[in-house]
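J.: One structure coming up, written as structure tokens, with questions to follow.
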Amino acid sequence: MTSHKTAQTMKPATAAKKLGVYLEATPAEFQEGVVTRDELNALQADPPEWLRELRRTGPHPRPVVAAKLGVSIGGLTRGGISEPLTTEQIDALKAENPDWLVRERATQAEVRKETVRVKEKHD
């Protein structure tokens, strides 16, 4: 008996999450199909122009926005950011440096310090 290996597939939303892009900003053919593991690996290894452009200019999904701003996703929510942002909008927020962003960055820095402290204590 021979075994037939089927290609592992994922929904476009899962693939977009793994690629770090906002699904609604991807091309229609990406949104409407399924993505195999091999296709995902190919997109990561040699991204097409649309993927490079999305990563460069956005709109970016919330986890990417949070990382670029140096805050948590919860911090984005507390700051009133609920929609994806472009790189230009993120840069404008950084330049403006509103009070909520300063607070959330400080909170995030404290969380990181505490995580390191706990890790060192257990090592």
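J.: Can you name the number of the only condition in (1) in contact with a Gly (Cβ under 6 Å, 6 or more places away or on another chain); (2) among the hydrophobic types (A, V, I, L, M, F, W, C); (3) open to solvent by 80 Å² or more (accessible area, probe 1.4 Å) that A45 fails?
T.: (1)
J.: A follow-up question, please. Answer yes or no as to whether V71 is outside any helix (DSSP H, G or I), among the hydrophobic types (A, V, I, L, M, F, W, C) and over 21 Å from A25 (Cα atoms). So that I can check it myself, show each step before the final result.
T.: Details: outside any helix (DSSP H, G or I): yes; among the hydrophobic types (A, V, I, L, M, F, W, C): yes; over 21 Å from A25 (Cα atoms): yes.
Spelling it out, V71 is indeed outside any helix (DSSP H, G or I), among the hydrophobic types (A, V, I, L, M, F, W, C) and over 21 Å from A25 (Cα atoms).
J.: When you check D91 against the structure, is it over 17 Å from the mean Cα position of the chain (by Cα), part of a helix (DSSP H, G or I) and acidic (D, E), yes or no? Even if it seems obvious, please write down each step before you answer.
T.: Values: over 17 Å from the mean Cα position of the chain (by Cα): no; part of a helix (DSSP H, G or I): yes; acidic (D, E): yes.
No.
J.: Still on this structure, please answer the following. Among the numbered conditions (1) surrounded by 15 or more Cβ atoms within 10 Å (Cβ to Cβ); (2) more than 26 Å from I90 (Cα to Cα), tell me where E32 comes up short.
T.: The single condition E32 does not satisfy is (1).
J.: Restricting attention to region 108-123, and to residues there that are assigned to a helix (DSSP H, G or I) and acidic (D, E), which single residue is least open to solvent (accessible area, probe 1.4 Å)? Spell out how you get there, then give the answer.
T.: Let us first name the residues in region 108-123 that are assigned to a helix (DSSP H, G or I), namely 108-122.
Next cut, acidic (D, E) only: 110, 114, 120.
Details: E110: 105, E114: 83, E120: 128 Å².
Checked region 108-123; the qualifying residue least open to solvent (accessible area, probe 1.4 Å) is E114.
J.: Right, something else. Between residues in region 29-45 that are farther than 12 Å from L19 by Cβ and residues that are outside any strand (DSSP E or B), which pairs lie under 6 Å by C-beta distance while being six or more apart or on different chains?
T.: Within 6 Å, the pairs are Q31/P12; T36/A7; R37/Q8.
J.: Same structure, new question: I'd like the full set of residues that are under 16 Å from the mean Cα position of the chain (by Cα), of a type in the set (V, I, T) and in a loop (DSSP other than H, G, I, E, B), limited to region 7-44.
T.: Of the residues in region 7-44, the ones under 16 Å from the mean Cα position of the chain (by Cα) are 12-26, 40, 43-44.
With the extra rule that they be of a type in the set (V, I, T), the set shrinks to 14, 21, 26.
Across region 7-44, the qualifying residues are V21, T26.
J.: Picking from R55, R78, R105, which residue would you name as being touching a Gly at 6+ places or on another chain (Cβ under 6 Å), open to solvent by 40 Å² or more (accessible area, probe 1.4 Å) and either closer than 18 Å to A13 by Cβ or modelled with pLDDT under 95 (or both)? Break it down stepwise before answering.
T.: Numbers: R55 fails: touching a Gly at 6+ places or on another chain (Cβ under 6 Å); R78 fails: touching a Gly at 6+ places or on another chain (Cβ under 6 Å).
Selected residue: R105, the only one of R55, R78, R105 that is touching a Gly at 6+ places or on another chain (Cβ under 6 Å), open to solvent by 40 Å² or more (accessible area, probe 1.4 Å) and either closer than 18 Å to A13 by Cβ or modelled with pLDDT under 95 (or both).
J.: Cβ-Cβ below 6 Å, separation at least six or inter-chain, first residue in region 95-123 and within 19 Å of R78 (Cα to Cα), second in a helix (DSSP H, G or I): which pairs?
T.: Listed by first residue and then by second, the contacts come to E104/G75.
The values are calculated or read from the model by the stated rules, or taken from the named source; none is laboratory data. Predicted model, so just to flag it, every value in this text is computed and none were measured. All Cβ positions, even for glycine, are placed from backbone atoms using ideal geometry, and neighbour counts span all protein chains on display. All accessible areas refer to the heavy atoms of the entire protein, side chains included, with ligands and DNA or RNA removed. Shrake-Rupley method; radii C 1.70, N 1.55, O 1.52, S 1.80 Å.
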